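Some notes on the structure that comes next.
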Amino acid sequence: MPETEESTFAAIAEIPTGPHFASYVPEDRTCCRFCGEALRDLMVDLGMSPLCEDFLTADRLNRMEPFYPLTVFVCRRCYLVQLQEYVRPEDIFTEYAYFSSYSTSWLDHVRRYRDDMVERWGLGPDSQVVEVASNDGYALQYFVERGIPSLGIEPAANVAQVAIDKGVPTRVEFFGRDLARRLAEEGVRADLLFGKNVLAQVHDVNDFVGGMKILLAPDGVVTVEFPHLERLVEEQQFDTIYHEHFSYFSFLTAEAIFASHGLRLFDVAELPTHGGSLRIFGCHDDDATKPTTDRAEALRRRELEAGVLDPRYYRDFARRVEETKRRLLEYLIAQRDAGKQVVGYGAPGKGNTLLNYCGIRTDFLDYTVDRNPYKHGRFTPGTRIPIHPPERLRETEPDVILILPWNLKDEIAAQLSYTREWGAELVVPIPTATVLK
Ligand SMILES: [Zn+2]
């Protein structure tokens with residue numbers, strides 16, 4: 001075995017795996033939600049922030065807002081990057097107003113996913129597909145369309161009903177070992193079991209992955225997508241941190257978590273979504289039909305070489321985040337000193353972490369615009385910047401437009417090409433404030 005592979009396995013062996021850790025139930029809010037180690041190593045403190053999807057109506061402007069700490073820790077044993085539990089999950093997810101089907105680029109993404117999975121795993125009328133956190137059936141509708149038996153699991157009743165009305169069978173429940181056991185008793189075994197952007201929002205990660213183990217057919221495949229920790233750390237994407245996201249995963253830590261529940265990650269794909277995500281592929285650890293791919297080996301090696309399992313990898317993140325803040329404020333101050341009108345584009349959840357951490361209110365941004373009609377007439381949480389429809393840009397012809405959903409900057413720059421008519425500057429805040437050419 002070449003030396004690099006030996007060192008790979010030596011480092012992985014240091015991550016805790018096995019049934020001891022799988023039994024950990026995260027009741028203690030100051031312990032790692034995977035391995036139970038006390039959380040002592042601070043990665044970054046983003047100060048106090050309100051819940052990032054809590055957009056204010058005008059009648060709330062004279063009232064106080066709840067703020068919670070936004071402090072990120074890295075576990076010194078398993079290197080899971082995580083928030084302590086500052087907000088109870090019930091307080092975040094009971095009134096879930098996000099409907100996945102509103103985003104056309106996201107629908108294209110899931111349709112391609114359907115095509116890839118059907119072809120690669122030969123799915124057909126005898127297969128069973130299950131999606132965890134299936135939302136309004138945005139993804140499963142494409143499997144149903146192909147006549148593949150599908151089941152969604154979605155705890156938000158209003159969103160699940162939309163899926164059911166579309167013909168996507170959906171159970172209105174939280175997913176975990178308990179539901180997985182009941183489904184298995186009913187004879188449901190998933191040939192393809194997937195979750196998109198749910199793992200980061202799971203409080204009890206062991207119950208969730210343990211449930212996947214139970215529900216997966218003997219030769220079935222699990223796929224899970226999440227924002228990649230490596231992109232967060234290396235590109236100062238601190239604004240992807242918010243209370244709704246409890247955990248931030250590297251491939252190596254995800255591998256350790258799945259391994260502790262008897263699931264082996266045999267493949268991985270790097271995706272451009274959300275500023276850089278991973279789609280991991282898992283199977284039962286005794287499934288010999290799915291050899292580990294070169295892509296998985298290469299990513300594992302790349303993360304090890306980058307130092308993902310080394311405390312030093314996380315140490316200067318906070319300093320670099322502060323630097324990002326200073327550069328952005330310097331830029332905004334210079335624009336304001338020159339008498340320019342500066343506004344925002346977009347009111348995404350991530351924008352609110354950025355605005356609150358940097359202290360950007362209407363002293364820097366007169367307003368922001370968003371395409372989602374739900375947000376029009378509302379105000380950004382904490383910073384209280386008014387949100388208007390995009391037409392406002394043409395009416396006021398601002399000098400500078402700060403693009404808050406920077407992960408979509410190319411798409412947005414194309415949409416905003418008309419603002420060049422009056423010479424507007426388009427700016428992205430991260431990793432360092434930059435004017436788009
Ligand atoms: Zn841990």
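Given charges of +1 on the Cβ of Lys and Arg and -1 on the Cβ of Asp and Glu, with all other atoms neutral, how large is the dipole of the chain about its Cα centre, in debye to the nearest 20?
Using only the charged Cβ atoms, the result is roughly 780 debye.
What share of all Cα pairs of segment 109-180, in percent, falls into each consecutive 5 Å distance bin?
In order of increasing distance, the bins hold 3, 19, 28, 22, 17, 9, 1 percent.
Starting from the Cα of residue 111, step 7 Å along the direction of its Cβ; do the same at residue 145; then give the gap between the two resulting points in nm.
Spacing of the two 7 Å Cα→Cβ label points: 0.5 nm.
Can you bin segment 216-267 into rounded, prolate or oblate? Criterion: square roots of the alpha carbon gyration tensor eigenvalues sorted a ≥ b ≥ c, rounded for a/c under 1.5, prolate for a/b above b/c, oblate for the rest.
Prolate shape, in that a/c is at least 1.5 and a/b is the bigger ratio.
Equivalent-ellipsoid semi-axes (√(5λ), Cα gyration tensor) for segment 243-307, whole Å, largest first?
The answer is 20, 15, 12 Å, longest axis first.
First check a/c for segment 167-308, with a ≥ b ≥ c the square roots of the eigenvalues of its C-alpha gyration tensor; if it is under 1.5, answer rounded, and if not, answer prolate when a/b is larger than b/c or oblate otherwise.
Oblate is the answer for segment 167-308, as a/c is 1.5 or above yet b/c matches or exceeds a/b.
Mind telling me which of 111, 312, 326 comes out most flexible in a GNM of the chain, alpha-carbon contacts under 10 Å?
312
If you project the alpha carbons of segment 246-370 onto the principal axes, what extent comes out on each, in Å, largest first?
Principal extents (largest minus smallest coordinate, Cα): 66, 34, 24 Å.
For the chain, what does the helix formula give at 222 nm: sum of -39500 (n - 2.57) over DSSP H segments with n ≥ 4, over the residue count, nearest 500 deg cm²/dmol?
-10000 deg cm²/dmol
What FRET efficiency do you get for residue 182 and residue 41 if R0 is 30 Å and r is their Cβ-Cβ distance, rounded to the nearest 0.05?
0.20
Rounded to the nearest 0.05, what FRET efficiency do residue 371 and residue 172 give with R0 = 25 Å and r taken as the Cβ-Cβ distance? Could you check?
The computed FRET efficiency comes out at 0.30.
Principal axes first, then extents: for the Cα atoms of the chain, list largest minus smallest coordinate on each axis, whole Å, largest first.
For the chain, the Cα extents along the three principal axes come out at 66, 51, 41 Å.
Where a ≥ b ≥ c are the square roots of the eigenvalues of the C-alpha gyration tensor, would you call segment 81-235 rounded, which needs a/c under 1.5, or, failing that, prolate if a/b is larger than b/c, or oblate?
rounded
Put +1 on the Cβ of every Lys and Arg and -1 on every Asp and Glu Cβ in the chain; which of 221, 304, 122 then has its Cα farthest towards the positive end of the dipole?
Looking along the dipole axis, the top candidate is 304.
Quote to one decimal, in nm, the extra length available between residue 396 and residue 189 on full extension: 0.36 nm per residue of separation minus the C-alpha distance between them.
Gain on stretching residue 396 to residue 189: 68.9 nm.
Sum up the charges of everything whose Cβ sits under 14 Å from the Cβ of residue 379, counting Lys and Arg as +1 and Asp and Glu as -1, but leave residue 379 out.
Neighbour charge sum, excluding residue 379 itself: 0.
Say we join alpha carbon atoms closer than 10 Å with springs in a Gaussian network model of the chain; which of 110, 132, 72 then has the biggest fluctuation?
110
Of the options 277, 416, 87, report the single residue whose Cα projects farthest towards the positive end of the charge dipole of the chain (beta-carbon charges: Lys, Arg +1; Asp, Glu -1).
416
Residue 330 versus residue 88, label points 7 Å from Cα toward the beta carbon: distance in nm?
Spacing of the two 7 Å Cα→Cβ label points: 4.6 nm.
May I ask for the Kirkwood hydrodynamic radius of segment 147-234, worked out over all distinct Cα pairs and given in angstroms to one decimal?
14.1
Given 190, 43, 155, which one lies farthest toward the positive end of the charge dipole of the chain, if we put +1 on the Cβ of every Lys and Arg and -1 on the Cβ of every Asp and Glu?
My answer, from the dipole projection, is 43.
Starting from 0 in steps of 5 Å, tell me what percent of the Cα-Cα pairs of segment 320-424 lands in each bin.
2, 12, 24, 26, 22, 11, 2, 0
Just grab the label-to-label distance for residue 318 and residue 297, each label 7 Å out from Cα along the Cβ direction, in nm (one decimal).
The two pseudo-label positions are separated by 4.0 nm.
If R₀ is 56 angstrom, what is the calculated FRET efficiency for the pair residue 340 and residue 161, using the beta carbon separation as r and rounding to 0.05?
0.75
Here, each number is a calculation from the coordinates, and none is a lab measurement. These numbers come from a predicted model, not from an experiment. Virtual Cβ from ideal backbone geometry, glycine too; neighbours counted across all protein chains shown.
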